[in-house]
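So the structure is just underneath, and the comments pick up after that.
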Amino acid sequence: MASSSLLRPASPSSLFQNPNTPKPKPKTLVSFPTIAASSLSSSSATNSAPAAAATSNHRAAHENIREEARRHVKSHNFSAKYVPFNAPPDSTESYSLDEIVYRSRSGGLLDVQHDMDALRQFDGNYWKTLFDSRVGKTTWPYGSGVWSKKEWVLPEIGSDDIVSAFEGNSNLFWAERFGKQFLGMNDLWVKHCGISHTGSFKDLGMTVLVSQVNRLRKMKRPVVGVGCASTGDTSAALSAYCASAGIPSIVFLPADKISMAQLVQPIANGAFVLSIDTDFDGCMQLIREVTAELPIYLANSLNSLRLEGQKTAAIEILQQFDWEVPDWVIVPGGNLGNIYAFYKGFKMCHELGLVDKIPRLVCAQAANANPLYLYYKNGWKDFKAVKANTTFASAIQIGDPVSVDRAVFALKNSNGIVEEATEEELMDAMAQADSTGMFICPHTGVALTALFKLRNSGVIGPNDRTVVVSTAHGLKFTQSKIDYHSKAIPDMACKFANPPVQVKADFGAVMDVLKGLLFAGVWGFVRSLDGRGLDPESLNVDQNQQCAMKGGEKHSYMSSGNTFHSAVAVIARQFEEYELIPFHCHNLNLILLGHHITKARDEEETTANGMHETGTWVLRRREKN
């Protein structure tokens, strides 16, 4: 089972205390380890815990958390630099992170490379203990799920330069009902990255990028603002973090292609928003050209700094599983930087001895914007950009992804898979997940559709520990949910829709509706368990399906299995006009005529076919004497 440590809130005493009362000194591990250069020389791979800080760790009465952090600055020899992505071992091309550079000399992507030799001077237990010691703290900047891994993110940046909203530390929850009832899975988890400052995983990368920009501006580098092209979530994160640091932000959005909830975020945070009559790929081309001419720092995932923050979600998953590795991690993919970020996080943990393997990765794309899926199905031969069509998963409506090479590298090195989801599939998956208590975004619906397909094909087993990455909060996409449950989407059945029922303000009318709803609730409950959305008026029922059937105006119901017997019996006891009739047969291929039920085959024939007996109960209106 997963550790609850990341789900545990800070104690009230640490959040609401008299500013004149000193904070109590930690009894065990401290948040600021002493990793001085002098200690590194004597350190070995057997180090297993952070050394105690030499100075007092409680905040003085006059200090804020930044001022406290200044007293605990520790020297170390950790460093990072830009290098060409997937460069050959003999490549010497590299750039300081303080340089403003987005591509290699050959025009390829860049990657942030850490000094792994310096990091290896501390063993895996050291890093696990250090990272665990920072969870749930308010010490700056380690209260952030990103900056709690600072040594692996931007090791050389000063605490004063960091711009953070204590992002990360997002919920990893066991999707018990959804997994068991819809997928037959015992160990399905959802990493809800949408529970974050601006409602998406983009916060994880933006805190890193804006912090580095903040540092560059203090160094008097020519950066007057930060710009991005966006399908919604990137612009929300950029505008919020820039506003926090007092840095101008410029946002290019495709006109009429993002939700109002996404549009209002950069506007509210004071960004300069350009609504451009093109799609995301057109906006991306324009922002590249603009940043080449003006001193505007490019914030899109072409900039590899963001991936350093996003990779911490992978580390966090391992941390929440008490450093056990899941079998599968499924990530929605549009511009394709995030799938590489997850790979990079898992790979660093493996290389530095925190875990002994990495999970298999799955990238899930919308069928309306699926260039990576087509590339994968063609054996990774001849990549072609596509014209992205409109999809409810608007944040991944990208036909020419910047990070395709990164994604391919991650998938090949993790024995990964690419799947796709049609619009109806992703919306149905979203509705099914919501019906079990979630409230997911359409992009998570894409990932869940991929999971459905991989379970149905047997690739993912019933006991495989699987993590679905939910990239944004469902509250950003309420209109799509309204349209679905109103059955207002053209050419879509919306078979899991749950529209409200209009009722007169009359007790009798309300009671009639509620009685009907209770019976319909039995059907809906059973249908949700089956997971295949059977039509309750269907006459042909597979013998292995647990189902209930409603017969016209007579309100007859059939239910098989002890669970359903109990559920139907409860209703039968509450409403005397209905009776529960035990009906044992070997075949559930039944014909429902009003409230009369006839077996299509006799018991002898089906018994001869070797079918197992199934207990069946019929709930029907009592005959009046």
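What the table shows:
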quantity: Of the criteria (1) closer than 22 Å to LEU302 by Cα; (2) outside any loop (DSSP other than H, G, I, E, B), which one GLU425 fails; calculated: (1)
quantity: Any hit, region 428-445, residues being within 30 Å of ASN86 (Cα to Cα) and touching a residue at least 60 places away in the same chain (Cβ under 8 Å); calculated: yes
quantity: In region 430-442, the residues that are of a type outside the set (Gly, Ala, Ser), in a helix (DSSP H, G or I) and closer than 12 Å to SER480 by Cα; calculated: MET430, PRO442
quantity: Residue in region 175-189 that is under 20 Å from SER159 (Cα atoms) and touching a residue at least 12 places away in the same chain (Cβ under 8 Å) present; calculated: no
quantity: Close pairs (6 angstrom Cβ cut-off, 6 or more residues apart or separate chains): farther than 16 Å from PHE342 by Cβ in region 295-308, surrounded by fewer than 24 Cβ atoms within 10 Å (Cβ to Cβ) and of a type in the set (Ser, Thr, Tyr) anywhere; calculated: LEU298/TYR102; LEU298/THR291; LEU302/TYR102; ASN303/TYR102
quantity: Check on ALA366, farther than 24 Å from LYS481 by Cα and of a type in the set (Gly, Ala, Ser); calculated: no
quantity: Failed item, numbered, when TYR297 is tested on (1) within 25 Å of ARG406 (Cα to Cα); (2) crowded, with 24+ Cβ neighbours inside 10 Å; (3) modelled with pLDDT under 95; (4) not acidic (Asp, Glu); calculated: (3)
quantity: Filter result (among the aliphatic types (A, V, I, L, M), out of contact with any strand residue (DSSP E or B) (no Cβ under 8 Å at 6 or more places or on another chain) and closer than 29 Å to LYS347 by Cβ) within region 403-430; calculated: VAL404, VAL408
quantity: Test set (1) touching a residue at least 24 places away in the same chain (Cβ under 8 Å); (2) part of a loop (DSSP other than H, G, I, E, B) - ASN389 fails condition number; calculated: (1)
quantity: Residue that is basic (Lys, Arg), at pLDDT 95 or above and touching a helix residue (DSSP H, G or I) at 6+ places or on another chain (Cβ under 7 Å), where the choices are LYS377, LYS384; calculated: LYS384
quantity: Any chance SER104 is of a type in the set (S, T, N, Q) and closer than 29 Å to PRO401 by Cα; calculated: yes
quantity: Qualifying residues in region 242-284 (those that are part of a helix (DSSP H, G or I) and touching a Lys or Arg at 6+ places or on another chain (Cβ under 8 Å)) - the one nearest to SER164 (Cα to Cα); calculated: GLN262
quantity: Residues of region 471-513 satisfying the condition of being of a type in the set (Gly, Ala, Ser), crowded, with 17+ Cβ neighbours inside 10 Å and assigned to a loop (DSSP other than H, G, I, E, B); calculated: ALA497
quantity: Residues (farther than 30 Å from PHE122 by Cβ and in contact with a strand residue (DSSP E or B) (Cβ under 6 Å, 6 or more places away or on another chain)) located in region 323-365; calculated: ILE330, PRO332, GLY333, VAL362, CYS363, ALA364, GLN365
quantity: Sole exception among (1) more than 15 Å from GLY246 (Cβ to Cβ); (2) outside the structural domain of GLN432 (by TED's automatic domain parsing); (3) part of a loop (DSSP other than H, G, I, E, B) for ASN186, by number; calculated: (2)
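Conditions (1) among the aromatic types (Phe, Trp, Tyr); (2) surrounded by fewer than 19 Cβ atoms within 10 Å (Cβ to Cβ); (3) in a loop (DSSP other than H, G, I, E, B), marked per residue:
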site: GLU93; (1), (2), (3): no, yes, yes
site: PHE122; (1), (2), (3): yes, no, yes
site: VAL135; (1), (2), (3): no, no, yes
site: TYR142; (1), (2), (3): yes, no, yes
site: GLY145; (1), (2), (3): no, no, yes
site: LYS150; (1), (2), (3): no, no, no
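The values are calculated or read from the model by the stated rules, or taken from the named source; none is laboratory data. Everything numeric here is computed off the predicted structure, so don't read it as measured data. Heads up, the Cβs are rebuilt from the backbone with ideal geometry, glycines too, and the neighbour counts pull from every protein chain shown.
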